[in-house]
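To keep things clear, I will list the structure first and then write my remarks on it.
The values are calculated or read from the model by the stated rules, or taken from the named source; none is laboratory data. Source: prediction; values computed, not measured. So basically every Cβ, Gly included, is an ideal-geometry build from the backbone, and we count neighbours across all protein chains shown. Each accessible area value is taken on the protein alone, full model and side chains, heavy atoms only, with ligands, DNA and RNA left out. Shrake-Rupley method; radii C 1.70, N 1.55, O 1.52, S 1.80 Å.
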Amino acid sequence: MERERNIVTKFHPNPLHRRGFLIASLLVTGLLASSCETHRTGKPTKILFVCQAGTAKSPIAREILKRRAKERGIRVDVLSRGIIVEDHVSPQLEANLRAAGIDTAIEPAKKLTYSDWATADILVNFNPLPASVKTPDIRDWTDVPSVNDDYANAMAVIKQRIDALLNEIANRK
């Protein structure tokens with residue numbers, strides 16, 4: 001027993017050093033965790049989806065992106081807008097969305113405004129944009145099939161592109 005005590009005191013002659021080391025370790029660990037949290041939870045990326053009517057592709061993409069970003073712990077602010085707001089949701093599309101648990105009516109359809117695109121970090125367009133829309137990061141998704149006419153393929157393309165967009169955002173942070 002005496003020999004063990006000598007070995008312990010040889011490496012840690014003063015118990016205060018052990019306590020100091022422990023406190024310093026905890027502080028460093030806490031600072032690192034805090035730094036990581038700040039890095040992970042910095043300013044959310046603001047994404048704006050725009051489609052012609054504002055009631056189909058853009059709100060569908062908005063809801064899918066919100067869900068997938070939350071699952072991955074990626075902070076985003078997501079809006080959807082229409083160039084000319086009209087109801088373009090067919091009864092079949094409505095049934096498909098309900099089956100997929102996607103509620104596009106959570107937020108009312110709104111017309112695209114200057115303040116929408118001026119504050120967006122990334123703008124994703126499903127239809128050609130008015131010439132007045134100028135923002136540095138526009139993603140052209142105009143080749144996405146119609147969600148009313150080709151639901152399965154449209155959803156596959158939208159989900160694939162959203163996953164790629166989220167990977168890009170995660171790598172930026």
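Observations, loosely collected:
- Members of the range 48-98 found to be in a loop (DSSP other than H, G, I, E, B), in contact with a strand residue (DSSP E or B) (Cβ under 7 Å, 6 or more places away or on another chain) and either hydroxyl-bearing (S, T, Y) or free of Cβ contacts under 8 Å to residues at least 12 places away in the same chain (or both), listed by number: T55
- A118 meets the stated requirement of being over 18 Å from the mean Cα position of the chain (by Cα) and closer than 19 Å to T45 by Cβ.
- Selection within the range 119-142: residues that are in contact with an Asp or Glu (Cβ under 7 Å, 6 or more places away or on another chain) and assigned to a loop (DSSP other than H, G, I, E, B). The member of this set that is farthest from D77 (Cα to Cα) is D137.
- Some residue of the range 91-108 being surrounded by 13 or more Cβ atoms within 10 Å (Cβ to Cβ), more than 22 Å from K70 (Cα to Cα) and of a type outside the set (D, E): yes
- Among (1) in contact with an Asp or Glu (Cβ under 9 Å, 6 or more places away or on another chain); (2) more than 17 Å from V147 (Cα to Cα) - the single one D103 does not satisfy: (2)
- Within the range 139-168, the set of residues being open to solvent by 70 Å² or more (accessible area, probe 1.4 Å) and in contact with a strand residue (DSSP E or B) (Cβ under 9 Å, 6 or more places away or on another chain) comprises just one member, D140.
- The C-beta contact set for the range 125-136 (first residue in contact (Cβ under 8 Å) with a residue 40 or more places away in the chain, second residue among the polar types (S, T, N, Q) and in a loop (DSSP other than H, G, I, E, B), distance under 6 angstrom, 6+ apart or interchain) comprises N127/Q52.
- Output for the range 143-159, where each listed residue is outside any loop (DSSP other than H, G, I, E, B) and without any contact (Cβ under 8 Å) to a residue 12 or more places away in the chain: A152, N153, A156
- Taken as a whole, the structure leaves R72 outside the set of residues that are within 17 Å of M155 (Cα to Cα) and open to solvent by 50 Å² or more (accessible area, probe 1.4 Å).
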